[in-house]
1. Need the failing condition index for Leu388 against (1) without any contact (Cβ under 8 Å) to a residue 40 or more places away in the chain; (2) surrounded by 15 or more Cβ atoms within 10 Å (Cβ to Cβ), just the number.
2. Which residues, taken from the stretch 1-48, are in contact with a helix residue (DSSP H, G or I) (Cβ under 6 Å, 6 or more places away or on another chain), over 26 Å from Glu186 (Cβ atoms) and either at pLDDT below 95 or within 13 Å of the ligand (Cβ to nearest atom) (or both)?
3. So, of the residues in the stretch 170-213 that are more than 17 Å from Trp250 (Cβ to Cβ) and charged (D, E, K, R), which turns out to be surrounded by the most Cβ atoms within 10 Å (Cβ to Cβ)?
4. All but one of (1) part of a helix (DSSP H, G or I); (2) surrounded by 18 or more Cβ atoms within 10 Å (Cβ to Cβ) hold for Leu5; which doesn't?
5. Quick check on Asn188: is it within 16 Å of the ligand (Cβ to nearest atom) and without any contact (Cβ under 8 Å) to a residue 40 or more places away in the chain?
6. Of (1) more than 16 Å from the ligand (Cβ to nearest atom); (2) touching a helix residue (DSSP H, G or I) at 6+ places or on another chain (Cβ under 9 Å), Lys131 satisfies all except one. Which?
7. Does the stretch 221-244 hold any residues that are assigned to a loop (DSSP other than H, G, I, E, B) and free of Cβ contacts under 8 Å to residues at least 12 places away in the same chain, and which are they?
8. Got a number for residues in the stretch 183-220 being part of a strand (DSSP E or B), in contact with a Ser or Thr (Cβ under 7 Å, 6 or more places away or on another chain) and of a type in the set (A, V, I, L, M)?
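The values are calculated or read from the model by the stated rules, or taken from the named source; none is laboratory data. Owing to the predicted nature of the structure, the values given are computational and were not obtained by experimental measurement. Every residue, glycine as well, gets a Cβ built from its backbone with ideal geometry; the counts of neighbours run over all protein chains shown.
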Amino acid sequence: MSKVLVIGAGGVGSVAVHKMAMNPEIFPEIVLASRTVSKCEAIAESVKARTGREVETHAVDADNVAETVALIEKVRPTVLVNLALPYQDLALMDACLATGTHYLDTANYEPPEEAKFEYSHQWAYQERFEKAGLMAVLGSGFDPGVTSVFATWLKKHHFDRIDYLDILDCNGGDHGHPFATNFNPEINIREVTAPAYHWEDGKWITSPAMSHKVAFDFPEVGEKNMYLMYHEELESLAKHFPEIKRARFWMTFGDAYINHVTVLENVGMTSIEPVEFQGQQIVPLQFLKAVLPNPGDLGARTKGKTCIGDIATGVKDGAEKTLYIYNICDHEECYREVGSQAVSYTTGVPAMIGTALMLQGKWSGAGVFNMEQLDPDPFMEMLNTQGLPWQVHELPGPVGF
Ligand code: NDP
């Protein structure tokens, strides 16, 4: 029997478990464990109310390998789906190796004490997973995840080679708060305050955080300012598409968001260096997270759409062309379906799809895999049937700046 153990009862975990429950033929048994068991129970209740299905729940500290190993031995899942935080990736991969369990996650490892995420930590597990005959799929969210699958599918069906790739992440949603982050504030703020890197002519080009702004007219959303940022899929795309001359990542932010982040950064609230406060060590960014709105509570009040996709320019049979492939997701429709907003939805659905393909044996292999190393076709089919339909249009040329 295919049994799945999901770790992490946040926004993404909730969507993934709801969507697994909606596909009983692929996911006959679902177990959800997280640090706070009451959050697992709340998700299980919602799943029961919406689908009639049972979800088994447990408490686990995923930083503690022995504790996770004990849970895995009790549950005996085929795949462990890591929807906790990037800090838990290595401990959970260790627990999978110790128990002979396949692994999937949505975000690459980041050491808690250093705001620098990169795949090197997880790629270092390649030999151990390969020798154990186990599969680890890294980054099965939207970005990374779907954006890498989009690039792989374009290359497979539409290009002999891709020269220029831009990933555009637009959230046209409005939650009505003066400032809130759409997913875990600690992860989000660490990401946007980091220097921007992009890949060009075989090397990484660095620029200060939020220093490149471009207006783009997004389908069904309208014109938004997007900012050049570093995002983890650029690292694996540069590795697996060695012919790419330039790969960049852009994300939209409103002026109010930028102003808030700038002020918070200037006053030291985004720092991850602990400070002493009233006899206690606190990390400013973690304290900030505690006072900001909980992203999980934004669903009920968020209106508007997300538009995330890739613009690729490349050559097919000697002719150059540019294709834009994207998904549009409506915050309110997501909330109606699974009780979460579109940012959690666009991550939780691909996590479910990647896991489904592993359980069905459509994705298999021994070792550590990024999404672009796997066949994009069954994943693209499931996006269309599981709530994230995509479209492709030809553009006159690459993103021109
Ligand atoms: P949340 O903060 O909402 O949820 C994280 C969950 O993990 C919480 O339930 C938390 O428990 C639990 N958790 C944290 N530490 C531990 C631990 N040591 N042991 C057990 N459980 C733990 O985050 P999101 O749901 O928004 O994001 C989940 C993951 O998805 C993150 O890794 C994020 O980076 C990634 N992501 C990926 C995207 C993509 O497109 N690829 C986009 C968005 C997110 P508690 O409730 O007790 O705090």
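1. The one condition Leu388 does not meet is (1).
2. The answer is Ser2, and nothing else.
3. Glu186
4. (1)
5. Yes, satisfied.
6. Failed condition: (2).
7. Pro242
8. Counting residues in the stretch 183-220 that are part of a strand (DSSP E or B), in contact with a Ser or Thr (Cβ under 7 Å, 6 or more places away or on another chain) and of a type in the set (A, V, I, L, M) gives 1.
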